[in-house]
1. Roughly what angle does helix 113-132 make with the longest principal axis of the chain, taking Cα atoms, 0 to 90 degrees, to the nearest 10?
2. Please give the charge dipole size of region 4-142, origin at the Cα centre, charges +1 on K and R Cβ atoms and -1 on D and E Cβ atoms. Round to the nearest 20 debye.
3. Skipping prolines and chain starts, which residues have an amide H placed within reach, meaning under 5 Å, of the one on ALA136, given they are 5 or more residues away or on another chain?
4. Packing-wise, with mean Cβ within 10 Å as the measure, how do 79-85, 25-31 rank, highest first?
5. Assuming 0.890 mPa s and 25 °C, estimate D for the chain with Stokes-Einstein, Rh taken as the Kirkwood radius over Cα pairs, in µm²/s.
6. What are the ³J(HN,Hα) values, in whole Hz, obtained from phi via the Karplus relation 6.51 cos²θ - 1.76 cosθ + 1.60 with θ = phi - 60°, for each residue of region 27-35 in sequence order, with x given for Gly and Pro?
7. Using the Karplus curve 6.51 cos²θ - 1.76 cosθ + 1.60 with θ = phi - 60°, what ³J(HN,Hα) values do you get for each residue of region 10-19, in whole Hz, with x for Gly and Pro?
8. Taking only C-alpha pairs under 8 Å that are 6+ residues apart, what is the relative contact order of region 4-142 in percent?
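Every number here is computed from the coordinates shown, using simple stated rules; none is lab data. None of these values were measured; they are calculated from a predicted model. Glycine also receives a Cβ, built like all others from the backbone with ideal geometry; neighbour counts cover every protein chain displayed.
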Amino acid sequence: MGILTDVVIARPDDAEAIGLSDYPAESWTTRDMKGILYEDFGTLYDVITGMPCDGDLEQFLPFVAGDKDHGPWVFRFNDDILGAIAAIPADGAEKVAAAWAASEGLQMGGWSAEDASAVIVGLVDLACQARKNDLAMFVWTSL
């Protein structure tokens, strides 16, 4: 079945409810990101900013809700990574996607630059909506 991953935008205080949800798309604006792993978001940050997370992805995408041992797990994009994603220009999405798709994590998952580009466009859209509406952006992951 694989790992299920959704990126969710919601009020910051919705984190607990998202963690209790089996299907966040029923209640919040969500993009299905199946196949994208938690670590892949750190690689994306590195691709966008040129600054690696140096093994400390928790500072950019901290665990905020869910069952830490069994899932689902909910992580919140901090302002740095949210802002970096929102700032990707429309004409830069393909370049970012190509670099991200060439990363080890996405290569292992068989992602193409086209697949990654669709994810980038969706992430930029969510990040822009979140910033415009004072919402938080979360990653919900479940086995």
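1. The angle comes out near 50 degrees.
2. Working: 8 positive and 24 negative charges, 61 e Å.
Charge dipole of region 4-142: 300 debye, to the nearest 20.
3. ALA10, ARG11
4. Working: 79-85: 18.4, 25-31: 15.4.
The densest-packed peptide leads the list: 79-85, 25-31.
5. Working: Rh = 15.0 Å.
Value of D from the Cα-based Kirkwood radius: 164 µm²/s.
6. 10, 9, 5, 9, 10, 6, 10, 3, x
7. With coefficients 6.51, -1.76 and 1.60, one gets 6, 4, x, 7, 8, 3, 4, 5, 4, x Hz.
8. Working: 226 pairs, mean separation 50.2, N = 139.
Reported as a whole number, the value is 36 percent.
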